[in-house]
Amino acid sequence: MGHIEGSRDVYERSRDACPSRFVLEQLSASEVYLWASTIEHRDDIEIEEASRDVLNELIFELATPEVNRPLTRELARDYIRRLSQSQHEPSGSHST
């Protein structure tokens, strides 16, 4: 994936596309790890409030497979499902 720019637009496009592209075998697990570890501690990327908790959790999980679990297609599908649910829930109401 290479260098991640600081713009919110790039982040929002990649946030949704990254797990999906992994499932479609367009990205490797190491490229997803690079994306997540690159944005994990960025202060210049604003995450929308409705999805903040879920996104922070998912980014942490993706950035630290040695602490959590290695990325698999099944796990990526679960991340996609969780992201989709968080984007359709009222703010402050998150289920995992």
_Segment S28-D78, extension gain: residue separation times 0.36 nm, minus the distance between their alpha carbons_ = 16.3 nm
*For region 8-88, what value does the Rg/Rh ratio take when both radii are computed over Cα atoms and Rh is the Kirkwood radius, given to two decimals?*
0.92
*If you put +1 on each Lys and Arg Cβ and -1 on each Asp and Glu Cβ, how big is the dipole of region 8-88 around its Cα centre, in Debye rounded to 20?*
340 debye
_Order by protection proxy (mean Cβ within 10 Å, highest first), peptides 38-44, 58-64, 20-26_ = 58-64, 20-26, 38-44
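Just so you know, all these numbers are worked out from the coordinates, no wet-lab data involved. As the structure is a computational prediction, the values presented were derived from the model and not from experiment. Cβ atoms come from the backbone with ideal geometry, glycine included; neighbour counts cover every protein chain shown.
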